[in-house]
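A quick write-up on the structure given underneath.
The values are calculated or read from the model by the stated rules, or taken from the named source; none is laboratory data. Keep in mind the model is a prediction, meaning the values are calculated, not measured. Reconstructed Cβ throughout: ideal geometry from the backbone, glycine too, with neighbour counts over all protein chains shown.
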Amino acid sequence: MFDRLHDARVRAAAFDWLSEQVATYGDVLPRKILADGFTLDGERVPLVGPQGIFKPQVLQEVPLSVTTAPEGPYDDSFGSDGLLRYRYRGTNPAHPDNQGLRLAMQRRVPLAYFHGVVPGKYVAAWPVFVVGDDPSRLVFTIAVDDAGQVGLSTTDASVALHDDIETGRRQYITAAVRQRLHQRAFRERVLEAYRYQCAFCRLRHEELLDAAHIIPDTEPEGEPIVRNGLSLCKLHHAAFDRHFLGLRPDFVVQVRPDILKEPDGPTLVHAIQALHGVRIALPRRSDLRPAGDLLQLRYQRFLKSTTAST
């Protein structure tokens, strides 16, 4: 028999624990932390397992989480309504894992969702709810909701009454989470390609690194792909964005002439001026290196800025 009180207690503890991990590590979490999980009443509660649909032993019927692996076998995507389409496990709708998600939908039970951005690293979103089931396409529809909705227990009447409000809220929140997933995926993939160092100065402290766009993501050419990115420390990211520094298509840094001549303290001398003529650190894989056409476009903008500053 489904013990709703026990189930809710486990999920509440899991969500509180996730909040603590995000506060400690940021919202990109290592898989090991999620697999180790936490302890509740002397029992270990992992949050992920070998399969994408995961239920720890402390729960009876309904899974605790769903996971999308980076470059995994399932083509999970977002539908035209902005909600996540999560693939069944296998092709049998009656598989126990699929049945578990179906129960989560019927009982309106919240889960956690882990989106793999690079191998071994996941962005966490919670609570998420299974809001649709399509056996003909072998997909569930999943929506992210506000954390304040975790403890709601509604009757059938209140579900009908608030359906439009609830659907709109979930679409809005899921869209925000989708944007965050894309941003985190771009950052992690760029930093991984550059071996977690600044391409300009080789600084290796990950907390001080950004994924800089060569062409801004507000423009049609500014796709969130590694070839449109550079791993830069925060100082050089700001200098690159403001055209203190340019990058030639042959991967050599150029300092704006007025900045190169400017007399100042050791930070300007060593952190900016000393980069003039330096070839940047590049990804080992040639297919991940900055795209030549994007660098050329960005470099032309840098040259215009040098004219404007003289």
Practice item. Inspect segment 220-239 for any residue being surrounded by 14 or more Cβ atoms within 10 Å (Cβ to Cβ), of a type in the set (S, T, Y), at pLDDT 95 or above and out of contact with any Ser or Thr (no Cβ under 8 Å at 6 or more places or on another chain) and give the result as yes or no. Key: yes
Going through segment 279-293 in order, the residues found to be assigned to a helix (DSSP H, G or I) and under 18 Å from R189 (Cα atoms) are S286, D287, L288
Residues of segment 241-274 being of a type in the set (A, V, I, L, M) and touching a helix residue (DSSP H, G or I) at 6+ places or on another chain (Cβ under 7 Å), in sequence order, are L245, L247, V253, V255, I259, L260, A271, I272
Every listed condition ((1) basic (K, R); (2) in a strand (DSSP E or B); (3) buried (at least 16 other Cβ atoms within 10 Å of the Cβ)) holds for R44 save (3)
Condition set among the hydroxyl-bearing types (S, T, Y) and at pLDDT 50 or above, scope segment 134-161, selection nearest to L83 (Cα to Cα): answer is T141
The helices (runs of 4 or more DSSP H) lying entirely within segment 159-278 that contain at least 3 residues which are of a type in the set (G, A, S) are 163-193
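One line per residue, one yes/no per condition, for (1) over 19 Å from the mean Cα position of the chain (by Cα); (2) buried (at least 21 other Cβ atoms within 10 Å of the Cβ); (3) not in a helix (DSSP H, G or I):
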position	(1), (2), (3)
A35	no, no, no
D81	yes, no, yes
P93	yes, no, yes
D97	yes, no, no
Y113	no, yes, yes
V128	no, yes, yes
V131	yes, no, yes
Flagged in segment 1-24 as free of Cβ contacts under 8 Å to residues at least 12 places away in the same chain and hydrophobic (A, V, I, L, M, F, W, C), in numbering order, are M1, L5, A23
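Per-residue answers, yes or no, for (1) at pLDDT 95 or above; (2) surrounded by 13 or more Cβ atoms within 10 Å (Cβ to Cβ); (3) under 16 Å from the mean Cα position of the chain (by Cα); (4) farther than 27 Å from E166 by Cα:
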position: L18; (1), (2), (3), (4): yes, yes, yes, no
position: T39; (1), (2), (3), (4): yes, no, no, yes
position: K55; (1), (2), (3), (4): yes, yes, no, no
position: E71; (1), (2), (3), (4): no, no, yes, yes
### Message
Regarding segment 55-67, can at least one residue be identified that is assigned to a helix (DSSP H, G or I) and either touching a helix residue (DSSP H, G or I) at 6+ places or on another chain (Cβ under 7 Å) or under 24 Å from V118 (Cβ atoms) (or both)?
### Response
no
Checked pairs for segment 273-300, first closer than 20 Å to C201 by Cα, second aromatic (F, W, Y), C-beta under 7 Å and 6 or more apart or across chains, list as L275/F200; R279/F251; I280/F200; I280/F251; A281/Y194; L282/F251; P283/Y194
Test result for R242, free of Cβ contacts under 8 Å to residues at least 12 places away in the same chain, out of contact with any Lys or Arg (no Cβ under 8 Å at 6 or more places or on another chain) and not assigned by TED's automatic domain parsing to the domain that holds Y25:
yes
